[in-house]
Amino acid sequence: TQLLEQSPQFLSIQEGENLTVYCNSSSVFSSLQWYRQEPGEGPVLLVTVVTGGEVKKLKRLTFQFGDARKDSSLHITAAQPGDTGLYLCAGRWEGGNKLVFGAGTILRVKS
Amino acid sequence: GEEVAQTPKHLVRGEGQKAKLYCAPIKGHSYVFWYQQVLKNEFKFLISFQNENVFDETGMPKERFSAKCLPNSPCSLEIQATKLEDSAVYFCASSQWGGQGRTEAFFGQGTRLTVV
């Protein structure tokens, strides 16, 4: 069974701090996506990475795809209370079609 | 449309009743996916379609669950004889391609099913 491990599960930090969320697998991804979900809403796509070593920036968010395309990270610089939410990584493995989700990281940023 | 539209937003059913959920994918998207999100935020894959054809149904419970994507109609997910454990938020997503490479999936707002 292919597993997508996401950590940490829960993160509570002060405004202005930095944080990193990780997604890991033993299998190679053909693409990996990061989503953010607010309560009562559907996941909203933040970024897609497909190339090993790829780095993408979205304002204070930096997404990295591992060279071997088996892992990814999301780094938030100077977190704001508005960053609070559920962050999900989701990947398609090579040869696969469905998007498999990590367990999610609940981020709470306190002012 | 420009977004995935799911209806209804909320659905309450008594145990044993039927539940039917609808999803209109983004116009031009060939692939539709159904997911079930349970209390611990876990997203469980149920089924995917390529146009009106089932593409992958490995996540569908063998009994009580069925799904269709017919031409010129919203896709549907139907649960016969609902059980308490079916209570969850059901998400539909669509993408342009289901294969390799950059295949972003866009999600609807979900249908919250409560079985009482």
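The values are calculated or read from the model by the stated rules, or taken from the named source; none is laboratory data. Given the structure is predicted, the values throughout are model-derived calculations rather than measurements. Cβ coordinates were reconstructed from backbone atoms using ideal geometry, including for glycine residues, and neighbour counts include every protein chain displayed. Note: areas computed on protein heavy atoms with side chains; ligands, DNA, RNA excluded. Shrake-Rupley method; radii C 1.70, N 1.55, O 1.52, S 1.80 Å.
About the centre of its Cα atoms, the protein assembly as shown shows a dipole size close to 220 debye [charges on the beta carbon of Lys, Arg (+1) and Asp, Glu (-1) only; nearest 20 debye]. Can you give the Rg to Rh ratio for chain B, taking only C-alpha atoms and Rh from Kirkwood? Taking Rg over the Kirkwood Rh, I get 0.95. Ordered from largest to smallest accessible area (heavy atoms of protein chains, 1.4 Å probe), the residues B:F45, A:F29 come out as B:F45, A:F29.
Convex hull volume per residue, computed on the Cα atoms of segment A:5-110, equals 86 Å³. In this simple spin-label model, placing a label point 7 Å from the Cα along the Cα-to-Cβ direction at both B:T58 and A:K110 gives a separation of 4.2 nm. Pairs with C-alpha atoms separated by more than 31 Å, drawn from the list A:K110/B:K20; A:K98/B:K40; B:K9/B:K68, are A:K110/B:K20.
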